[in-house]
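The values are calculated or read from the model by the stated rules, or taken from the named source; none is laboratory data. What you see is a predicted model, and the numbers here were worked out from it, not measured in a lab. In this analysis, Cβ positions are derived from the backbone assuming ideal geometry, glycine residues included, and neighbour counts consider all displayed protein chains. Ligands, DNA and RNA are excluded from the accessible area calculation, which covers all protein heavy atoms including side chains. Shrake-Rupley method; radii C 1.70, N 1.55, O 1.52, S 1.80 Å.
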Amino acid sequence: MSETFEMVNPPDEIRVSMKMEAQKTQLGAAEMHGLKGLVSLTASQVDEDGRAPMEIVLVADRSGSMAGDKIRIMRNMMHFLVKRALRTGDKLAIVAFDDRVTVPLRMTTIDAEDKGAAKAREAINGIHVGGTTNLSGGLLRGIDELNATQCPAGTTRAILLFTDGVANGGIQEPPAVAEAITAAMRGRRTKVFTFGFGNDAEEEMLKTIAETTQAQYYHVASDERIAHAFGNCIGGLVSVVAQNVTLTLTHGAHATVAKVHGSYPTTVDPATHTTVVELGDLYGEEKKNLLLDLTLPPLETPVGSEDVVKASLTYFDARENRSVTRTTTLRIARPAETPIDQKVNVEIDEQINRLRLADAMQEATRVGDAGDVAQGQKVVQDAVAAVLLTPSGGADGLPLTPL
């Protein structure tokens, strides 16, 4: 494996490290081989003093189901954001919805004179309970508000959706809402963090929205949960290291990238032998592991170590305000015979086990929903048993028991 980086005016430090590995480094030349590869990305640690400016849109549910403690806690949470998280130069907009959608605060800059924050506080205090819940209408308007701004390079952008998730107007099914969000984004990679209020929050809807945009869902049942939820969410936003991260995999004549596992948007171009994966943003100390299916064809004669896949990572450095490109190459030798004493790559083995367990849980859910709960349990038990027999079986972090 080799690694280089190319950039305009190289920064003083590397913000994102990258490595690429395969299960084995030597494979017999005469046979076709299928094996797993792994691309690992790690973002550097950052301090808040150097954080990028933020553009935030708050989408607030004011429907009848939010009456009482829900809307009170929601207002407190919005005030908490304005007071504690935003600073001079950040921008904020507020969208409110019940059966109607309004914009109490257009995109406003938080200034040193407190005028912007004062407008935000007034808009928050003016949110009162109304009618039914057109959640999709409010969220789509929030996306439009964000898309309408001319965003300077390096700005961190996000939507925060505050609701109990009980949609009874507009688009009401989670998959359909996810499709509408994707279309409204118009190719932009904007995260939608969702905050569910009350013990009856509709988690399926809120988790679907968050996962569609590679964001997180938070449950807020009391005032005590405000600081924790915001600390987690805003703490991530202010620590953005790399924006619009794109991974391009290019294989040569002696290898094929058959599949990239995961839910990231992926484009394959057979003509150029490239696979492009859109990874969104990377936060301080965040790690991303992409498991690959690789195919190596048989060769007429053995060859020494050769480049089989090149990985090129491009992103915008939010701290240095510059575009960066990093590359690394996977090398595999093709001797006459595959050596039998090669060490197991434990990191790749762990990722394979995670994939095996995730697939088993999905299959168990499908079988259970069809009415065969016993078979669903067996699917999970068989997967756990298989994992326990692997070199990394039982490693920290692997969910080896049914959830």
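Remarks
- Fluctuation leader among Gly368, Gly37, Gly252 - the chain, Gaussian network, Cα springs under 10 angstrom: Gly368
- Percentage, to the nearest whole number, of Cα pairs in the range 204-274 over 14 Å apart: 74 percent
- Counting DSSP beta bridges with both ends in the chain, the antiparallel % (nearest 5): 70 percent
- Among Arg100, Arg366, Arg84, the largest mean-square fluctuation in a Gaussian network model of the chain, built with springs joining Cα atoms closer than 10 Å, belongs to Arg366.
- Principal-axis tilt of helix 203-212 within the chain, Cα atoms, nearest 10 degrees: 60 degrees
- Cα convex hull of the range 119-198, projected area averaged across orientations, nm²: 6.5 nm²
- Per residue accessible area of the range 156-262, 1.4 Å probe, in Å²: 39 Å²
- Projecting the Cα positions of Pro302, Leu140, Gly198 onto the charge dipole of the chain (unit charges on Cβ atoms of Lys, Arg, Asp and Glu, taken about the Cα centre) puts Leu140 furthest along the positive direction.
- The Cα-based radius of gyration of the range 297-339, divided by its Kirkwood radius, gives an Rg/Rh of 1.30.
- (1) 1.00; (2) 1.12; (3) 1.46, with the label sought being that of the calculated Cα Rg over 2.2 N^0.38 Å: (2)
- Amide H contacts of Gly280 (H built 1.01 Å from N, in plane; Pro and chain starts excluded): Val245 sit under 5 Å, all sequence-distant by 5 or more or on other chains.
- Cross-link pairs exceeding 28 Å in C-alpha to C-alpha distance, out of Lys19/Lys343; Lys70/Lys91; Lys191/Lys343, comprise Lys191/Lys343.
- P(r) histogram, all alpha-carbon pairs of the range 232-359 included - 10 Å bins from 0, percent: 10, 33, 35, 17, 5, 1
- Close amide H pairs (under 5 Å, H built 1.01 Å from N) link Ser63 with Gly130, residues at least 5 positions away or on another chain.
- For the chain, built as a Gaussian network whose Cα springs stay under 10 Å, the top-fluctuating residue of Thr163, Thr365, Thr108: Thr365
- Reach of Lys115 by Cα under 15 Å, taken over aspartates and glutamates that are not fewer than 8 positions away in the same chain: Asp90
- Volume of the Cα convex hull of the range 323-366, divided per residue and given in Å³: 170 Å³
- Protein-only accessible surface order, largest first, of Val245, Val276 at 1.4 Å: Val276, Val245
- Pairwise Cα separations in the range 302-381 fall into 5 Å bins from 0 onward with the following percentages, short to long: 3, 11, 10, 10, 12, 10, 11, 12, 11, 8, 2, 0.
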